[in-house]
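Reviewing the structure listed below.
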Amino acid sequence: MDLKEQNWNNRFVKPVQGWKGIRTAYSPQGEVIDSWQINRGFRSNEDGTEITQSNQLYPDDGRIIEKSWQINKQSHNLADGVFHPANPLMRSLFLEQGAIVWVQKKLEKDTKLLLELIFRHDELLNIRHSVPVVYNGDGNLNRAVSIREDAADFPSNYWSKEINLLPERNLSGNWQGTSVTMTPDLKVSEPIGTQLHWPLAGNKMFFFPDGISLSCPTQVSIGTSFTIAANWLVTDSQLQQLRVNYDNYGAFSGLTLELLHL
């Protein structure tokens, strides 16, 4: 199976038709900007060659903001990832474990940089967590976002109702596990042994509720490589981490998924 075929098929490894959750956006200083209910629905045709995504956001003022997209295998499944019709610069990368990363292929002058890191777990199939990160056209961090989603219940029996950031999170200990890396051309490495590298030097830390942490630069620019990482403390002894790397030219250079335990 070729690599882009495998990437597309990985989208269906842990299929769920719809997610109900809470999306909370934070300023670079960690203050809550807004916190809204969000529904994200996914529907595929019978042979799995077309996906329709429908999003509904529910602001506090009573509005409903709706957006929908159609993604088809023939037009959008490319050798460097699945192309998002809402943003030609974006690609979706799907790992066999179930994790998903939306990345912007290149940092471009006067253009926003958008990413989204999405966690799944083998034993918690109705739960996922995603961490979108947005930089403005000057390369300054605009907002960090936490989206807690549950396919079965709303309000969720798993996620708390807390929205304020925590002052810290203790991730000390001898975290060990395995790591796989996907390159921009969709090649996935064999798993290798690894340990937790956290925090990342020079990055801003966000400690979201419910075990989610983010490490990202407050400013990005062409000429300086950088890494954006998020992790999910699933239990006291299980941790998942996603890392997205950009090189000195501002180009996406790879993503890494680490599955760690104490």
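The values are calculated or read from the model by the stated rules, or taken from the named source; none is laboratory data. Because the structure is predicted, anything quoted here is derived from the model rather than measured. Counting neighbours? That spans all protein chains shown, and the Cβs are built from the backbone with ideal geometry, glycine included. Surface accessibility is based on the protein's heavy atoms, side chains included, excluding ligands, DNA and RNA. Shrake-Rupley method; radii C 1.70, N 1.55, O 1.52, S 1.80 Å.
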Viscosity 1.567 mPa s, temperature 4 °C: what is the translational diffusion coefficient of segment 1-58 from Stokes-Einstein with a Kirkwood Rh over Cα pairs, rounded to a whole number of µm²/s? 94
Segments 18-27, 152-161 sorted - mean Cβ within 10 Å per residue, highest first: 18-27, 152-161
Given a cut-off of 23 Å, what percent of all Cα-Cα pairs of segment 162-262 lie beyond it? 30
Fluctuation leader among Glu190, Glu46, Glu31 - the chain, Gaussian network, Cα springs under 10 angstrom: Glu46
With every protein chain kept in place and a 1.4 Å probe, the chain has an accessible area per residue in Å² of 47
Between segment 135-172 and segment 1-76, what is the separation of their alpha carbon centroids in Å? 16
Tell me, rounded to the nearest percent, the portion of alpha carbon pairs in the chain spaced more than 30 Å apart. 24
Once the dipole of segment 35-107 is set up from charges on Cβ (+1 Lys and Arg, -1 Asp and Glu), the residue from the list Leu57, Pro88, His76 lying farthest towards its positive end is Pro88
Pull out the extension gain between Asp60 and Asp153, defined as 0.36 nm times the separation in residues minus the alpha carbon to alpha carbon distance; nm, one decimal. 31.4 nm
Two-decimal Rg to Rh for segment 56-112 - Kirkwood Rh, Cα set: 1.07
Leaving out ligands, DNA and RNA, and with a 1.4 Å probe, what % of the accessible surface on segment 1-91 is carbon or sulfur? 47
Would you mind checking the radius of gyration and Dmax of segment 54-151 based on alpha-carbon positions, in Å? 14.9, 42
Distance between modelled label sites at Glu46 and Thr178, nm, 7 Å Cα→Cβ extension: 3.7
Can you tell me the dipole magnitude for segment 28-154 around its Cα centre, using point charges on the Cβ only (Lys, Arg +1; Asp, Glu -1), in Debye to the nearest 20? 400
Can you pull the Rg over Rh of segment 65-218, Cα-only, Kirkwood? 0.95
Binned Cα-Cα distance frequencies in segment 1-132 - 5 Å width, integer %: 2, 9, 16, 22, 22, 16, 9, 4, 1, 0
Relative to the Cα centre, what is the charge dipole magnitude of the chain, using +1 at the beta carbon of each Lys and Arg, -1 at the beta carbon of each Asp and Glu, and rounding to the nearest 20 debye? 320
